[in-house]
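Input: a single structure, listed below in structure tokens.
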Amino acid sequence: MNEFAGLNLAQPILRAIADEGYTEPTPIQAKSIAPLLAGRDLLGVAQTGTGKTAAFVLPLLHRLAEGKSRAISGRPQALILAPTRELAGQIADSLRSYGRHMRLRSAVVFGGASIRPQINALNRGVHILVATPGRLLDLMNQRHLHLDAVETFILDEADRMLDMGFIHDVKKIAAKVPSSRQTVLFSATMPKAVQGLAGGLLRDPVRIEVAPAATTAEKVEQHVLFVTKEKKRALLGDLMLNKDIERVLIFTRTKRGADRVAKHLDQQGIRTDAIHGNKSQNARQRALRGFRNGHIRALVATDIAARGIDVDGVTHVINFELPHEPDSYVHRIGRTARGGASGIAISFCDREERALLRDIERTIRQDVPVNADHPYHAEDIANDPGHARRAPARNRKRPAQRRRGNSQRGGRPTHRAA
Ligand code: AMP
């Protein structure tokens, strides 16, 4: 028996869930759905990959189905804010999938795309609007959109929204939504700024937390490869000879870096594309489609562009460069452990990145096992602590791993033997 049945969701929603092949709610779904159906505000700490989208979408669809009100031109009844167009698009896809047996209308609006079709969609009337903050405000200022009918206000990836500088926009938007609304805020992390925002928006929220950073990190088989900056591209080319790397997301810190890496792989005959903020919306969607359907084996991305990318079956994540924020490391490697799957994350670390690695290990409360079994291994970098040693990380969950040569855990090789 399907365990969703006990959650009192409407039949068309249960059918759509069955169509998706889900047999049981994920932990965040199991905890969120009942309070949301009861109309409570909710503060959810959960990362992508935990099933958080369905956790807020399913109760929303249920409530709208029960309400049976018709879609009104320019006046949505539910508003979902997301930091990036990719995430907004994916939430809209989820709405379509889970709502496929219902007659609810939704639309998605984001910047970087022509505004006219978005205005037309709003004019036709929508129950649910998914939006990025900037475009939403544009549409409001142009009076194509009014938020006075919004009953459910959802903010997804609030931490990223603030990172991207949307705090004022979000506050402006929230002020236009009736205060009698239900408010839901999801965030992967809960820094002070997000707590402050949540405090101002939510009323007596249920607080739900799943999969703290360390847990996500533990599902992923991680390796660090010490290599000089100059040899990183050669090392990447070498790794890509391994056929087990079927679908790989490669992270760089900068847009230019992403383009350079993509070009290099392309020249080696590897089907590659890059996705970052300088690419047109069309180019990004094309890249994502290609990655999803397997035409593209390697997708090179910057952190912001990769937010919310929802692609199952990513076998590997490669950190060509380590992120400055340890949380980004957790987000990145979480891309290869979606929907309960496991995956492999390989990080390149040059001399300047030693300190970043140390911060990451402290955050995930484990040492990343070193793989020295490759032709570009730089022993001097491995032995260099990078900066003055700080106090060792406390509360380590596991004894420190051996610092060298313990590459192949779990029988899945990260690359061919050198
Ligand atoms: P999210 O955290 O919302 O990005 O979802 C991560 C992935 O989990 C998506 O690919 C969903 O299709 C999938 N998913 C969501 N809920 C379930 C479930 N109950 N059972 C299996 N997969 C799920």
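The values are calculated or read from the model by the stated rules, or taken from the named source; none is laboratory data. All figures in this text were calculated on a predicted structure; none of them were measured in a lab. In this analysis, Cβ positions are derived from the backbone assuming ideal geometry, glycine residues included, and neighbour counts consider all displayed protein chains. For the accessible areas, the whole protein counts, side chains as well, though only heavy atoms, and no ligand, DNA or RNA atoms are used. Shrake-Rupley method; radii C 1.70, N 1.55, O 1.52, S 1.80 Å.
Test of understanding: among K192, K176, which residue is assigned by TED's automatic domain parsing to the domain that holds R85 and exposed (fewer than 15 other Cβ atoms within 10 Å of the Cβ)? Even if it seems obvious, please write down each step before you answer.
On the way: K176 fails: exposed (fewer than 15 other Cβ atoms within 10 Å of the Cβ).
The match here is K192.
Checking K263 against (1) surrounded by fewer than 16 Cβ atoms within 10 Å (Cβ to Cβ); (2) in a loop (DSSP other than H, G, I, E, B); (3) of a type outside the set (A, V, I, L, M), which test does it fail?
So the condition that K263 fails would be (2).
When the residues of the stretch 23-58 are filtered to those that are in contact with an Asp or Glu (Cβ under 9 Å, 6 or more places away or on another chain), open to solvent by 10 Å² or more (accessible area, probe 1.4 Å) and without any contact (Cβ under 8 Å) to a residue 60 or more places away in the chain, which remaining residue is farthest from the ligand (Cβ to nearest atom)?
Filtering the stretch 23-58 for residues that are in contact with an Asp or Glu (Cβ under 9 Å, 6 or more places away or on another chain), open to solvent by 10 Å² or more (accessible area, probe 1.4 Å) and without any contact (Cβ under 8 Å) to a residue 60 or more places away in the chain, the one farthest from the ligand (Cβ to nearest atom) comes out as A30.
Residues being closer than 16 Å to G112 by Cα and either modelled with pLDDT of 95 or more or under 15 Å from the mean Cα position of the chain (by Cα) (or both): count how many of those fall in the stretch 274-307.
Here the count works out to 4.
Of everything in the stretch 3-22 that's of a type outside the set (D, E) and either near the ligand (Cβ under 10 Å from one of its atoms) or crowded, with 20+ Cβ neighbours inside 10 Å (or both), which residue is farthest from P59 (Cα to Cα)?
Residues of the stretch 3-22 of a type outside the set (D, E): 4-18, 21-22.
Filter once more, so that each one left must be either near the ligand (Cβ under 10 Å from one of its atoms) or crowded, with 20+ Cβ neighbours inside 10 Å (or both): 4, 9, 13, 16-17, 21-22.
Details: F4: 12, L9: 7, I13: 9, A16: 13, I17: 13, G21: 18, Y22: 16 Å.
Looking at the filtered set, the residue picked out is G21.
Out of everything in the stretch 292-330 that is among the basic types (K, R) and within 16 Å of the ligand (Cβ to nearest atom), what residue ends up being nearest to D238 (Cα to Cα)? Before the answer, list the steps.
Initial filter on the stretch 292-330 (among the basic types (K, R)): 292, 297, 307.
Narrowing the set further to residues that are within 16 Å of the ligand (Cβ to nearest atom) leaves 292, 307.
On the way: R292: 24, R307: 27 Å.
Selected residue: R292.
Give just the number: which of (1) more than 16 Å from the ligand (Cβ to nearest atom); (2) under 25 Å from A38 (Cα atoms); (3) open to solvent by less than 30 Å² (accessible area, probe 1.4 Å) does V109 not satisfy?
It fails just one condition, (2).
Among the residues of the stretch 313-343, how many are of a type outside the set (S, T, Y), open to solvent by 10 Å² or more (accessible area, probe 1.4 Å) and modelled with pLDDT under 80?
5
Looking at R96, R85, R70, R75 in this structure, which one is at pLDDT below 95, under 27 Å from F166 (Cβ atoms) and open to solvent by 20 Å² or more (accessible area, probe 1.4 Å)? Break it down into steps so the answer makes sense when it comes.
Working: R96 fails: at pLDDT below 95; R70 fails: under 27 Å from F166 (Cβ atoms); R75 fails: at pLDDT below 95.
Answer to the check: R85.
Could you tell me whether the stretch 81-91 includes any residue that is among the charged types (D, E, K, R), under 26 Å from V45 (Cα atoms) and in a helix (DSSP H, G or I)? Working first, answer last.
Of the stretch 81-91, the ones among the charged types (D, E, K, R) are 85-86.
If we keep only those that are under 26 Å from V45 (Cα atoms) as well, we get 85-86.
Right, trim to in a helix (DSSP H, G or I) and you get 85-86.
Checked the stretch 81-91: at least one residue is among the charged types (D, E, K, R), under 26 Å from V45 (Cα atoms) and in a helix (DSSP H, G or I).
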